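Asker: Just passing along the structure, written as structure tokens.
The values are calculated or read from the model by the stated rules, or taken from the named source; none is laboratory data. These figures come from a predicted structure and were not determined experimentally. For neighbour counting, all protein chains shown are included, and Cβ atoms are generated from backbone atoms with ideal geometry for every residue, glycine included. Ligands, DNA and RNA are excluded from the accessible area calculation, which covers all protein heavy atoms including side chains. Shrake-Rupley method; radii C 1.70, N 1.55, O 1.52, S 1.80 Å.
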Amino acid sequence: MIGFFGGSFDPVHYGHLKTARAIKKELKLKQLFLIPCKTPVHKTNLQFSNKQRLEMLNLALVEFDDLQVDTQEIDRQNASYTIDTLKQINKDYLNEEIFLIMGEDSFNTLEAWKNYQQFGNYAQLVVLPRLPLVKGSASYKKVYFAKTPLVDISSTQIRSKIRNQQDLSGLLPENIIKYIKKL
Ligand code: ATP
């Protein structure tokens, strides 16, 4: 049982990391991979480059050594859709049960994702609760709603604090805060 948690991680924060750790325990997953996207399909402008987002994810693994990073989307030539990544994962992990993990806000946009009806052929969908709590509009069946804690942190909030030179402590690991300050 292996979990995959995709995102822009622009930057990665405790909302991703603590819930990833919690769902790994809840489902007793053998491994959980964070997959940073290349050019996000639903987001046009990223603050941090592919390289910087990856470096920050690697710094996060110092504290979260139970998590891993999968660079397949960043390494790929072209921007890829989740369905392509799921197909690749199924090739790479034959006979392994695959879990696709996402926050509730992402889940609520699922109908806009390419071939989302096929996701269930490749993975079990897992949805993490997220603030603000907006109960699902997506009509997707066969979803597991996680019991993970609510962590009220977003990358948007962090980017805004960076712009306004506000304190970032408690929102993401200290070594990433130091990294951002040096940029
Ligand atoms: P932004 O504020 O830029 O939209 P974000 O904080 O939502 O970014 P993403 O990298 O876009 O972070 O999210 C990747 C995945 O992690 C998405 O499925 C998202 O729903 C989920 N996620 C992000 N923050 C949290 C959180 N605090 N709790 C649970 N899931 C989260």
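Asker: In nm, to one decimal, how far is the K141 label point from the T156 one, both placed 7 Å along Cα→Cβ?
Answerer: The modelled label-to-label distance comes out at 3.3 nm.
Asker: Right, another one. At a 1.4 Å probe, what is the % contribution of carbon and sulfur to the accessible area of the chain? Don't skip to the end; give the middle numbers.
Answerer: Values: 4800 of 9790 Å².
Answer for the chain: carbon and sulfur cover 49 percent of the accessible area.
Asker: Here's something else I'd like to know. For Q68 and S49 in the same chain, what is the full-extension length gain: residue separation times 0.36 nm, less their Cα-Cα distance, in nm? Present the calculation step by step, with values, prior to reporting the outcome.
Answerer: Working: separation 19, 0.36 × 19 = 6.84 nm, distance 1.96 nm.
Extra length available between Q68 and S49 comes to 4.9 nm.
Asker: Would you mind calculating the gained length between A79 and N58 on full extension (0.36 nm times residue separation, minus the Cα-Cα distance), in nm to one decimal?
Answerer: 5.4 nm
Asker: Under a 10 Å cutoff between Cα atoms, tell me which one of L125, L172, L150 has the largest fluctuation in the Gaussian network model of the chain.
Answerer: L150
Asker: Further question on the same structure: A 23 angstrom limit on the alpha carbon distance is what I want to check against. Which of K51/K178; K51/K181; K38/K91; K51/K114; K25/K142 exceed it?
Answerer: On the way: K51/K178 16 Å; K51/K181 16 Å; K38/K91 21 Å; K51/K114 26 Å; K25/K142 21 Å.
Table pairs above 23 Å Cα-Cα are K51/K114.
Asker: Here is a further query. From Cα pairs below 8 angstrom and at least 6 apart in sequence, can you work out the relative contact order of the chain, rounded to a whole percent?
Answerer: Working: 274 pairs, mean separation 51.0, N = 183.
Across the chain, relative contact order equals 28 percent.
Asker: What is the ratio of the Cα radius of gyration of the chain to 2.2 N^0.38 Å, with N the residue count, to two decimals? All intermediate terms of the calculation are to be shown ahead of the outcome.
Answerer: Numbers: Rg = 15.7 Å, N = 183, 2.2 N^0.38 = 15.9 Å.
Against the empirical 2.2 N^0.38 Å value, I get 0.99 for the chain.
Asker: Moving on to the next point. Kirkwood hydrodynamic radius for region 1-89: how many Å is it when counted over pairs of different Cα atoms?
Answerer: 13.3 Å
Asker: Quick check for you: with a 1.4 Å probe and neighbouring chains kept, what is the accessible area per residue of the chain, in Å²?
Answerer: 53 Å²
Asker: Let me ask something additional. Could you state the number of Å between the C-alpha centres of region 85-108 and region 1-34?
Answerer: Each part reduced to its Cα centre gives a spacing of 12 Å.
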